[in-house]
Each structure stands twice: as C-alpha cells, then as structure tokens.
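Read-outs: derived from the displayed coordinates by stated rules, not from any lab. Note that the coordinates shown come from a computational prediction; the quantities given were computed from them, not determined experimentally. Cβ sites come from the backbone with ideal geometry, for glycine too, and all protein chains shown count toward neighbours.
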Amino acid sequence: MAGKKDHRESILQRVNSPGDLKNLSWEELNRLAAEIREFLIEVVSKTGGHLSSNLGTVELTLALHLVFDVPEDKIIWDVGHQTYTHKIITGRRDKFHTIRQRGGLSGFTTPEESPYDIYGAGHASTALSVALGMATARDLKGEDFHVVAVVGDGSLTGGVALEALNQIGYLKKRLIIVLNDNKFSISPNVGALSGYLNYMISGQFYLKVKEHVAALLEHLPGGKKMIEVGRSLEETLKKIFVPGMLFEQLGIKYIGPVSGHSIRFLTKALEETKKYNYPVLLHVITRKGKGYKPAEKAANLFHSAPVFDIKTGEFRKKPRPSFSQIFSKTLIEIAEKDERIIAITAAMPEGTGLIAFKERFPERFFDVGIAEQHAVLFAAGLAKEGMLPVAAIYSTFLQRAYDMLYHDLSIMNLPVTIGIDRAGVVGGDGPTHQGIFDMAYLRIFPNFVIMAPKDENELRHMLYTSIYYPGPSTLRYPRDMVYGVRLDEELKKLEIGKGEILREGRDLALVAVGTMVRPALEAAELLSARGINPTVVNARFVKPLDRGLLLSVAESHEAVLTLEEGVEKGGFGSAVRELLDEEGVQVRFARVGVPSMLIPHGSRSQLLKELGLDPSSISLRAEKFLHGEKES
C-alpha cells in the first residue's frame, strides 16, 4: 500500500483542473501522486474497477497534463480504462466514487462526460489511427496543436495498431506516441512484439557506451576522424543493439526507454517530443499495480478488480462459480479424453476462465494477444488440419472478427467452436462492452449453429455438442455466477435445433432463449398467481430454430412473446417472427429484448430491470399484451 497517512494539507483537494498542476513544486507533485494512489485504492476497493493499470499511470498522467494543454492539444488514450487519474484531475474528483455505478462516471473516456475526454475509448488499439486522422485534419485546416496517442496495456499487439504505425511512418505527420510499456495487456503480454519491447529496455546500455566512447575519442589525436569513419559502422551496429530501430525503420523517431514513475524525467522527455515536426515515439516503462503490493503481485487479477479488502487485498467471496469457470472446467474435462482439443483466447485467460486450461494443458493453450481476427483465423487453420479448436472471446470483442467469422468459418464450414463470453448485459463497463449484438449478426451467416444455455448444466452439454458439430458453432453465456443447479456427470450431445417445453400452459407462450429462460419461468409463476396460465419454452437454439415446436406453440396459443438478452431488432425474436411469417401463421406476437439504444453502465441486475427483462417486468408486459394493450 502507499505508505503511512500524511497529515499535511491535501494537495489533491487543491487540484480541480490540469492548470492547477503547473503551480505545484516537484515535491508537491510527488506528494500528489501518492495521494492519488491512496484515493484510487480507497474508491476502487468499494466500487470495483480497473485498478492495477491506473496505479501504473499516475505519474505519466500528471506529466502529460503538465506538458500539454488539453483540450486544445489532443490526448487520445488507448485503452480508456487507464484514465482514472486523468478523470480525477480534470474536475471529476468529487464524483469519482460513482465510477462505473449507474448514473455515475464511466470507467472509460467519454466525450459527453468531459471536454478533456477527447475521444471515446473502451476497446483497444484504436488510438494510433484516430490520432493520425486528427493530425492530418489539423494540417489540412492549417491549425497548430499537438496530437498525443497514449498506447498501453498491450494495445500495440492489436493488428489495427500495426496498420496505423505503417501509415504514420508513411505520412510522417507531426504526431506523438507515448508507449506505456507495463508488459501487460490484462494478463502478461504475449508474442514476438512484446518480446521485442522487453529487449528494447536494454538499449540504454548502447547509448551510454556510445556517449562515453565519443567523449574519449574527441580528446585523442585523430579522434574526430575516427568518429567520422565509425559512422557507417554505427549504422550497422544500431540495427543490432539499438532498441528503437523497428520504429526508426518505420519512419518514427524513437526516444527512450524512460522511467514512467518520475514526473520530472517524464516531463523533460515529453517536452523533447514536442520539438519534432514528424512522428515520434516515447517509450515509457511503468509498473502495473504500482504502490499497492497485492496489485503489484497480481496485476492481472487487479486489472478489473471486484470489491476488495484494502488491508489484505482479498476479493469479496462469491457464493458460486461463474459461467466462464464452468465453461473452462468442462473444456478441460473433454480435453482429458481428446487430444485434438485446443483452447484459444485473445488476451483474456483469466476473464474467460481458460487460465485453468493453460495450467492443465500448456501445450494446447494459445493466448494470441489483443487480436480477435487472428484468433479466429488461427482456429480455422487448426480445424483445417483436423484439430478441434475452441476460442473463448467476449461478445463485444468478437465484433472485431466479423469478416473472419463469415469469410473463413462460414464459407468453408469449418468445425470451430466460439465460446461467446460476457454475452448480454455486462454491467459496469457500459456501452462499449455490452454483448447484445452477437445473435443478430451471427444468425445471418450460412452454416453457423448458435446455442444459448438456460443454465450451467445445459452449458456443459452445449459445449460438448458444439465441439463435435462438423461446422462452425457458438454458444453464448453471461458475465454472471451460475445458478447452482445439479450438474450431470455424463456429457451428452444435444439434437441440433431442438428446444424443449419447460412449463405447459394454454393462455400465452413465453419463448425464451439463454439467460431469459429462468426469468420466464419466474414470470410464469407470477402470472399464474394472477389467473394466467402460460407455457414456457426453452428454445436452446437461435439457429437453427426448432420449427416444429415453435409452429405448434404459435398455433395453440393466443399470443407469443419471445424473450432474449440481446438486441430485439434482428435477433432471436426477429428470427421467430420470420419463421411464423414464412409459414403464414397468424398469432399475436411480441418481441421482448434489448431496445436499439446505447446501454449505460450499472450493475447487471439494475440494467436488466430498467430494460424490462426481470421477472416482474416480463409478467406485467405479458399480462398487458394478453389483455389486448397495444405492443410496439
């Protein structure tokens, strides 16, 4: 933790805007950094949030605001979860306790929240392209301001970031890149580029030796001539020893690496970057979790931390495991018997639960970094050679791989399983992370099978079914704890495209899929108490639909309501409506799902209630609909 309490006047209370920083001495700035760390730890221990990455960027954030004048100068953060200190010193300190809470501050940069948030950033690897666009627009308009892209937490491992670097070096616009190198994305960074960045840290040795040798030669007879002769040799040696040559070869000036925890040194280095009229990269070395020992020891676990005890660093105990953990446990169980099973994640081994698979089968586990497109293509190659790859990817991040899902899995009908983690409403991360679109965009692809389990036991069977299905398949599950139902010992293959009736009724049918099955059953009991007897259907499959079951239910009930934790326009309900129209079935019909809107941050339970997807809201809506009130 960040030392003993300092009873001197609080520096933090005097900082209400970046301009206030410029009135502080170096000693006061260092005290401010310590106070901010204590403040971060105190608040996030109660609210949860991205702790370790923010503890690592305190001094960097202060230095950036000392050197640049935002919002006139443009600072674009990649990823926006590193901006807690930025929020605190840009007039949002008094609201910081509301971070990621319903109606409170966003956990990411949000232009609607503050003019200091230049660009919204919830996903990784976007800043370089955006910064280049801003710098290009600046020059076309004849304006004069600095554009700074702060790239950290593994964002440079994303393919789009490398595409941007290529264009930045070609256009040579005046642009500053700050590489916040903490060796982490969420888990430790992987891949050759990460290894190169680690190697770059040793480059200071070469620079120091060069300076000492040059100083010595200048004082020797003929020394200056020797220096000139050595220029050509130096170019060759630089390619071997100088860490920034990768960027230099791309046409980007490299400075560093420098310590990311010295405000004075950072300020000096950032001032240096302003002197160049072409792209420059400042390589900054930070420690993720700095100042709080539990976060330093387990930076990955404190990346997006739940509520925790400050003294011990222990997270609040959850009564049951998560769906992600059951997914991983089941995958391990299947892999014990089949050596063709391969697990893939895109920088999320802990979040997806696959860290347990890695520990059991390290040779069959692959973390590809923040590169979902590559993850899907990698899986396609494995499948083409007879392996059975399973890629666990968050719903919001799977969107990056949209073309690969069609071009490589759908067209070639390859047996790849995609575990869509965090499907549906995710809670505190807000609009950028809500996993509500996957059913709508996946169901249009030929050959795809889309499943959604009603509980953890069905999840196990669906995973088994998906792995051995001879084509591309997905199963979606929520960011939530499991229900605690009994798990079958034996795994079984489900019949593709077959749903089930869980409750027989007569008045109306609630046709639910995935996480909406349990609320549908609870809503049915509430309706029953009011004299309405509904049927509840567990659809199981978004694609293919159980045509026979759905047509039978529609023909035997007065009304049908579909329930889904996904966007209602184009999703599961739309698929059922299309089926009924194709068959000419006339029945009163309504879709219940997530409306076409940006879903804010808040707890899952709060958001589901506001969206009308809790049992009480479903029962009231169903009753009104049954009694003839118009349904939009």
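What the table shows:
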quantity: Inter-part distance where region 131-175 and region 439-501 are each reduced to a Cα centre, Å; calculated: 42
quantity: Whole-Å semi-axes of the ellipsoid equivalent to region 323-476 (Cα gyration tensor, √5λ, descending); calculated: 20, 18, 15
quantity: Unit charges on C-beta of K, R, D, E only; dipole of region 464-516, Debye; calculated: 160
quantity: Quarter of Cα convex hull surface for region 348-402, i.e. mean projection, nm²; calculated: 3.8
quantity: Pairs of Cα atoms farther than 43 Å apart, the chain, %; calculated: 30
quantity: Ratio of Rg to Rh over region 500-626 (Cα coordinates, Kirkwood Rh, two decimals); calculated: 0.95
quantity: Ordering of 280-290, 332-342, 91-101 by burial proxy (mean other Cβ atoms within 10 Å per residue, highest first); calculated: 280-290, 91-101, 332-342
quantity: Antiparallel DSSP beta bridges within the chain, as percent of all bridges there, nearest 5; calculated: 15
quantity: Tilt relative to the chain, helix 572-583 - C-alpha long axis, 0 to 90 degrees, to 10; calculated: 40
quantity: Between helix 203-218 and the chain: long-axis angle, C-alpha atoms, 0 to 90°, nearest 10; calculated: 10
quantity: Cα centroid separation - region 62-107 against region 608-628, whole Å; calculated: 38
quantity: Mean Cα-pair separation over length for region 419-547, i.e. relative contact order, pairs under 8 Å, 6 or more apart, %; calculated: 29
quantity: Difference of contour (0.36 nm per residue) and Cα-Cα distance, residue 457 to residue 528; calculated: 22.9 nm
quantity: Helix-only CD estimate at 222 nm, as mean residue ellipticity for the chain, using -39500 (n - 2.57) per DSSP H run (n ≥ 4); calculated: -11000 deg cm²/dmol
quantity: Helix axis angle, 323-335 relative to the chain longest principal axis, alpha carbon, degrees; calculated: 90
quantity: Theoretical FRET efficiency, 1/(1+(r/R0)^6), r = Cβ-Cβ of residue 139 and residue 275, R0 22 Å, to 0.05; calculated: 0.80
quantity: Protection-proxy order for peptides 385-393, 557-565, each taking the mean of Cβ atoms within 10 Å per residue, highest first; calculated: 557-565, 385-393
quantity: Relative contact order [Cα under 8 Å, 6+ residues apart], the chain, whole percent; calculated: 11
quantity: Alpha-carbon centroid distance for the pair region 385-399 / region 544-583, whole angstrom; calculated: 28
quantity: Intensity falloff of region 1-105 expressed as log10 I(q)/I(0), Debye formula with alpha-carbon point scatterers, at q = 0.11, 0.13, 0.16 Å⁻¹; calculated: -0.32, -0.44, -0.69
quantity: Within the chain: Cβ-based charge dipole about Cα centre, in debye rounded to nearest 20 (Lys, Arg +1; Asp, Glu -1); calculated: 1420
quantity: Length gained when the stretch residue 298-residue 268 is fully extended (0.36 nm per residue, less Cα-Cα span); calculated: 7.7 nm
quantity: Residues 477, 394, 464 arranged by fewest to most Cβ contacts within 10 Å; calculated: 464, 394, 477
quantity: DSSP-loop chymotrypsin sites (Phe, Trp or Tyr not before Pro) across region 276-367, with at most 15 other Cβ within 10 angstrom; calculated: 276
quantity: Dipole of the chain, positive end: most advanced residue of 430, 255, 474 [Cβ charges, Cα centre]; calculated: 255
quantity: Ranked packing of 78-84, 265-271, 62-68, most packed first, by mean Cβ within 10 Å; calculated: 78-84, 62-68, 265-271
quantity: Simple label model, 7 Å out from Cα along Cβ direction - residue 596 to residue 163, nm; calculated: 2.6
quantity: Beta bridges per DSSP with both ends in region 500-626, % antiparallel, nearest 5; calculated: 15
quantity: DSSP bridge orientation in region 435-581 - percent antiparallel, rounded to nearest 5; calculated: 30
